[in-house]
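The values are calculated or read from the model by the stated rules, or taken from the named source; none is laboratory data. It should be emphasised that the depicted structure is a prediction, and the values quoted were computed from it without experimental measurement. Note that each Cβ is placed from the backbone with ideal geometry, even for glycine, and that neighbours are counted across all protein chains shown.
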Amino acid sequence: MSKPRILVTRRWPAAVETVLSERFDTTLNKDDTALDAAQLREALHIYDAVLPTVSDKLPAALFEGQTIRTKILGNFGVGFNHIDIAAAREKGVVVTNTPGVLTDCTADLAMLLLLSAARRSGEGERELRAGAWSGWRPTHLVGTKVTGKTVGIIGFGRIGRAFAQRCHFGFGMDVVFHNRSAIDPMEAARYGAVQLQRIEDVLEISDFVSLHCPGGAGNRHLMNAARFAAMKPGAFLINTARGDVVDEAALISALEQGKIRGAGLDVYEAEPNIPERLRAMDNVVLLPHLGSATEETRTAMGMKVADNVIAFFAGQAPPDRVA
Ligand code: DGY
């Protein structure tokens with residue numbers, strides 16, 4: 001029997017590419033160039049499995065008007081708002097993701113952004129590298145103290161909880177959060193956190209607001225002009241979730257008008273395009289979507305995709321099916 005034909009849309013950790021090549025008739029993307037819409041559309045027509053990631057947009061239009069050979073999209077990543085799930089489901093395409101294995105590293109990166117934004121480390125490094133540091137002085141690059149402050153978390157799933165744990169037990173912060181469903185207060189207390197009913201309740205009292213909810217239509221522009229206005233004056237926004245959760249134009253206005261003091265961002269509305277006005281701001285720490293970018297985590301994510309696809313073609317239920 002011939003092996004299923006699978007396409008890996010980007011370069012993956014070598015150990016995972018080896019496993020996939022041994023098990024399947026695998027096409028790798030050796031030069032790691034992003035596929036365009038026409039190439040992705042064609043892939044759905046000629047491969048039994050396509051293994052995309054966040055940089056591959058798979059809107060409904062790609063599934064329409066053609067014979068779909070692809071039976072499973074094994075997404076490399078926990079977030080899947082780049083895939084039109086309803087369209088995939090309608091064509092009978094199974095979709096899987098990679099939950100769990102990137103929790104710690106993404107929470108670590110949120111902490112890195114919070115600390116960097118508060119302590120102005122990006123500004124300091126840029127100054128030093130430019131040869132512009134004139135030496136120690138009491139008023140130089142004075143930032144905001146983190147220990148003991150209040151952090152507000154929007155979305156109390158795995159990553160939100162891991163971030164709460166770091167903030168509370170590592171930095172003595174008070175942690176409040178908003179989550180769509182009620183969390184058992186005993187469970188929240190394990191992370192030193194307290195649930196508040198409305199997002200505005202969280203925004204009003206938090207010195208730092210960190211987003212940990214999914215992207216996609218349900219949360220699009222959850223942080224809009226009104227919500228920025230509801231933030232405590234001088235607070236910071238941290239986003240390691242998805243770019244579409246934040247109305248970037250409203251964020252830029254809130255920063256320019258000094259309503260909030262700074263931001264730490266890992267994700268953007270139109271990645272990899274970042275508005276020039278945002279790049280021009282010194283009080284904003286900007287990272288290129290690095291939340292899960294450690295050797296251990298990226299390999300674990302790839303292995304999870306392999307497990308899902310192997311299970312699927314063995315006639316078993318893929319462990320991380322989302323559609
Ligand atoms: C994820 O897993 O969703 C990361 O953001 C990478 O896409």
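Go through region 116-143 residue by residue and tally those that are crowded, with 19+ Cβ neighbours inside 10 Å and among the basic types (Lys, Arg). Residues flagged as crowded, with 19+ Cβ neighbours inside 10 Å and among the basic types (Lys, Arg) within region 116-143 amount to 1.
Look at Met301 and say whether it is assigned by TED's automatic domain parsing to the domain that holds Ala15 and of a type in the set (A, V, I, L, M, F, W, C).
On the way: assigned by TED's automatic domain parsing to the domain that holds Ala15: yes; of a type in the set (A, V, I, L, M, F, W, C): yes.
So Met301 fits the description; yes.
For region 230-243, check the following and say yes or no: at least one residue is in a helix (DSSP H, G or I), over 20 Å from Asn75 (Cβ atoms) and free of Cβ contacts under 8 Å to residues at least 12 places away in the same chain. It would help to see each step written out before you state the result.
First pass over region 230-243, keeping only residues in a helix (DSSP H, G or I): 230, 243.
Within this subset, residues satisfying the condition of being over 20 Å from Asn75 (Cβ atoms) are 230.
When the remaining residues are screened for being free of Cβ contacts under 8 Å to residues at least 12 places away in the same chain, the result is none.
No, region 230-243 contains no residue that is in a helix (DSSP H, G or I), over 20 Å from Asn75 (Cβ atoms) and free of Cβ contacts under 8 Å to residues at least 12 places away in the same chain.
Number of residues in region 20-33 that are crowded, with 19+ Cβ neighbours inside 10 Å and over 14 Å from Phe76 (Cα atoms) equals 2.
No other residue among Asp320, Asp266 is more than 15 Å from Asn75 (Cβ to Cβ), within 12 Å of the ligand (Cβ to nearest atom) and touching a helix residue (DSSP H, G or I) at 6+ places or on another chain (Cβ under 8 Å) apart from Asp266. Any idea which of Leu203, Leu196 is in contact with a strand residue (DSSP E or B) (Cβ under 7 Å, 6 or more places away or on another chain) and surrounded by fewer than 20 Cβ atoms within 10 Å (Cβ to Cβ)? After ruling out the rest, the residue left standing is Leu196. Checked against the criteria, Leu113 counts as among the aliphatic types (A, V, I, L, M), crowded, with 19+ Cβ neighbours inside 10 Å and closer than 16 Å to Phe171 by Cβ. For region 275-300, a residue qualifies if it is among the hydroxyl-bearing types (Ser, Thr, Tyr) and either away from the ligand (no atom under 16 Å from the Cβ) or under 16 Å from the mean Cα position of the chain (by Cα) (or both), and the qualifying residues are Ser292, Thr294, Thr297.
Exactly one residue among Thr299, Thr240, Thr294 is touching a Pro at 6+ places or on another chain (Cβ under 8 Å), at pLDDT 95 or above and not aliphatic (A, V, I, L, M), and that residue is Thr299. For region 256-269, the condition holds for at least one residue, the condition being that it is without any contact (Cβ under 8 Å) to a residue 40 or more places away in the chain, over 16 Å from the mean Cα position of the chain (by Cα) and in a helix (DSSP H, G or I). Regarding region 29-49, can at least one residue be identified that is closer than 16 Å to Phe312 by Cβ, within 13 Å of the ligand (Cβ to nearest atom) and outside the structural domain of Val267 (by TED's automatic domain parsing)? No, that holds for no residue. The condition of being assigned to a helix (DSSP H, G or I) and among the small types (Gly, Ala, Ser) does not hold for Ala34.
Considering only region 76-90, state which residues are surrounded by 17 or more Cβ atoms within 10 Å (Cβ to Cβ) and away from the ligand (no atom under 16 Å from the Cβ).
Narrowing region 76-90 to residues surrounded by 17 or more Cβ atoms within 10 Å (Cβ to Cβ): 76-85, 87-88.
Passing the criteria: Asp84, Ala87, Ala88.
Looking across region 97-109, the residues that are buried (at least 17 other Cβ atoms within 10 Å of the Cβ) and within 12 Å of the ligand (Cβ to nearest atom) come down to Asn97, Thr98, Pro99, Val101, Leu102, Thr103, Cys105, Thr106, Leu109.
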